[in-house]
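The values are calculated or read from the model by the stated rules, or taken from the named source; none is laboratory data. Nothing here was measured: the structure is a model prediction, and the numbers come from that model. As a convention, Cβ positions derive from the backbone with ideal geometry for all residues, glycine included, and neighbour counts pool all protein chains shown. Ligands, DNA and RNA are stripped out before the accessible areas are found, and what is left, the full protein with its side chains, is counted by its heavy atoms. Shrake-Rupley method; radii C 1.70, N 1.55, O 1.52, S 1.80 Å.
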Amino acid sequence: MLDPNKIKKQFPIFKREINNHSLVYLDSASTSQKPQAVINSLVNYYKNTNANIHRSIYKLSEEATSAYENVRSQTAKFINAKSSREIIFTRNATESINMVAQTWGKLNIKPNDEIIVSILEHHSNLVPWQQLCKEKNAKLKIIPLTKNYSIDLKNYKKLLSKKTKLVAITGESNVLGTRPPLKEIIKLAHGKNAITIVDGAQMVAHSHVDVQDLDCDFFAFSSHKMLGPTGVGILYGKENLFKKMPPFLFGGDMIKTVSKYDAQWNDIPWKFEAGTPNIADVIAFGEALNFLTRTGLKNINEHNKKLLKYAIEEFSKYKEVKLFYAKDSAQSSTSILSFSIKNIHPHDIAQIFDTEGVEIRSGHHCCEPLMDYLKVPALARISFYLYNTFEDIDLAEKALKKTLKIFK
Ligand SMILES: Cc1ncc(COP(=O)(O)O)c(C=O)c1O
C-alpha cells in the first residue's frame, strides 16, 4: 500500500501555494512533478561530476560516462529489454517516434504499403506516420473505437493485410485512458510480418512494462512523465532492427572513423546519439527509476485506480458533467479522466479550477482527430499519480461546484 501523504513530502513543489491555496496537481499525464532525489541528482552532477562523456580519459569524464551508461542499463532492466544496446536516449517520446519514422520508416516503407494507427493517438504518434505516408505514397489506416472507448479489435483485424508494414499504437490514451490489448495487437501485426511501435509515454509511468513479453519492436517514452527531468526520451528497439537502421543525426560520438569524404558509424546504441547528450538529466532519470522501483509500479497503479474510481463517483453526481473514460474492464483507464460541462469551455473550467489551486489540463490534448471523433472541440482532464490523495479529488470537486455556480 502506498501512502500518498508521505510521498508528497518528498516533492518540494507541494510546499507551493497557488492563488492562496495549497497546490493540487492533477496534470501528471502532461508532466509529473519531481522528487527531491531527482533534483538533488541534477545539482550533484553539476557540482561534482560535470564533464563530457565518451571522449576523455580523465576521472571526471570517466565518472560521468559511467553514471550515464549505468542509467542505460537501469532503463533496460526497468522495461526488461534484453540488453542496454537496445536503449537509445533521445529528447522525448516524440523524438523517439520520429527517429523510427525517419530511419526504419524511410528505409522500409514503399509506395502502396500501409501503416496502421489508432484514433487514440497523440499527435506525436500520428503526424510522423502521416508525413512518412505522404513522402512514400503509402496509406495510413486508422483503427476506430467501440462505444466504450476501447480499441475495436474486430476492425483492426479487418484493416490488417499483407500490405501492412507497421502498426503504431499507444499503450495508454492520454485522453480516455484506454489501454489497448497490446500483446494481441502486436501478435496479429507480426502475423502479417508488420513491425510494431508502442507509444508508451503514458503507460510506463504506472504500469510494469516488459518489452520482451509484449514482443513490440519499438517502444517510446519520456522521462518527464515518470518523475524524471524534461529533455530525456527513450527509444527501445530490438537489436537486429537497430543494427540495420541508418543513423538519425550525424556528427560527433555517432561515428567510428571519419575520413575526408566518408564516415563509418559507431556501434549501437551510440550510432543514434549524435553530439553531446543530455548527461545530467539522463543521470537524474536514474533516480526517478529508483523512486518508481522503490514505490512499486503495482502499488502506484492500484492507488491510481482507487483515485479514479472515487473521482468518477464524485463527478458523475453532476448532471451537467459528461465524463469521457475507457469503461471496458480489459482496456479500462486507471489514472485519466476527461470531462466536459455543458455550455462551459474547458479553458474556462481550468481557469476556475486554478483559482482554487487545482491545476488541470484543458484543450485538445494533442489529439485533434480524437476530439473530432468524440465530437467535442476540447476537453478538461484530471490525471493522477502517486502523490495524489482523495482530498485532492474533494478539492477538485469543490472547484467543479464553483465552476457550475459561476456559469449558472
Ligand atoms: C500518449 C502520449 N504520447 C506521446 C506524448 C509525447 O510526449 P513528449 O511530449 O514527452 O514527447 C504524450 C505527451 O503528452 C502522450 O501523452
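Taking the condition of being assigned to a loop (DSSP other than H, G, I, E, B), within 17 Å of T103 (Cα to Cα) and touching an Asp or Glu at 6+ places or on another chain (Cβ under 6 Å), how many residues in the range 184-241 meet it?
Residues that pass the stated criteria total 1.
Condition (residue is farther than 26 Å from S329 by Cα, aliphatic (A, V, I, L, M), open to solvent by less than 30 Å² (accessible area, probe 1.4 Å) and over 23 Å from the mean Cα position of the chain (by Cα)) applied to the range 138-155: is it met by at least one residue?
Yes, that holds for at least one residue.
Which numbered condition in (1) over 22 Å from T334 (Cα atoms); (2) in contact with a helix residue (DSSP H, G or I) (Cβ under 6 Å, 6 or more places away or on another chain) is the only one that G191 fails?
Result: G191 passes all but (2).
Those residues that are of a type outside the set (A, V, I, L, M, F, W, C), open to solvent by 10 Å² or more (accessible area, probe 1.4 Å) and more than 13 Å from the ligand (Cβ to nearest atom), I need them from the range 169-203; list them, please.
Once the filter is applied, which keeps residues that are of a type outside the set (A, V, I, L, M, F, W, C), open to solvent by 10 Å² or more (accessible area, probe 1.4 Å) and more than 13 Å from the ligand (Cβ to nearest atom), the range 169-203 yields P181, K183, E184, K187, H190, G191, K192, N193.
State all residues of the range 334-362 that are open to solvent by 10 Å² or more (accessible area, probe 1.4 Å) and touching a residue at least 60 places away in the same chain (Cβ under 8 Å); if no residue qualifies, say none.
N343, I344, D354, T355, E356, E359, I360, R361
Of everything in the range 1-17, what is in contact with a Leu (Cβ under 8 Å, 6 or more places away or on another chain), assigned to a helix (DSSP H, G or I) and in contact (Cβ under 8 Å) with a residue 24 or more places away in the chain? Give them in sequence order.
Hits for the range 1-17 are P4, I7, F14.
Can you report the number of residues in the range 122-135 which are closer than 18 Å to L159 by Cβ and more than 16 Å from the ligand (Cβ to nearest atom)?
Taking the range 122-135 as the starting set, the residues that turn out to be closer than 18 Å to L159 by Cβ are 125-126, 129-130, 132-133.
Those left that are additionally more than 16 Å from the ligand (Cβ to nearest atom): 132-133.
So the count comes out to 2.
Go through the range 87-121 and give me each residue that's within 14 Å of the ligand (Cβ to nearest atom), open to solvent by 10 Å² or more (accessible area, probe 1.4 Å) and assigned to a helix (DSSP H, G or I).
T94, E95, N98
Can you pull out every residue in the range 243-280 that is farther than 18 Å from A76 by Cβ, of a type outside the set (A, V, I, L, M) and touching a helix residue (DSSP H, G or I) at 6+ places or on another chain (Cβ under 7 Å)?
Of everything in the range 243-280, those that are farther than 18 Å from A76 by Cβ, of a type outside the set (A, V, I, L, M) and touching a helix residue (DSSP H, G or I) at 6+ places or on another chain (Cβ under 7 Å) turn out to be P246, P247, F248, D253, W265.
Given the structure, is E320 among the acidic types (D, E) and crowded, with 19+ Cβ neighbours inside 10 Å?
no
Here is a yes/no grid of residues against (1) without any contact (Cβ under 8 Å) to a residue 12 or more places away in the chain; (2) open to solvent by less than 50 Å² (accessible area, probe 1.4 Å):
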{"residue": "D253", "(1), (2)": "no, yes"}
{"residue": "K256", "(1), (2)": "yes, no"}
{"residue": "Q264", "(1), (2)": "yes, no"}
{"residue": "T276", "(1), (2)": "no, no"}
{"residue": "I279", "(1), (2)": "no, yes"}
{"residue": "F285", "(1), (2)": "no, yes"}
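Name the one entry in R72, R16 that is more than 16 Å from the ligand (Cβ to nearest atom) and exposed (fewer than 14 other Cβ atoms within 10 Å of the Cβ).
R16
For the range 22-49: of the residues being of a type outside the set (A, V, I, L, M), outside any helix (DSSP H, G or I) and away from the ligand (no atom under 16 Å from the Cβ), which is nearest to the chain's Cα centre (by Cα)?
That would be P35.
Do we have Y261 as of a type in the set (F, W, Y) and touching an Asp or Glu at 6+ places or on another chain (Cβ under 6 Å) here?
No, not satisfied.
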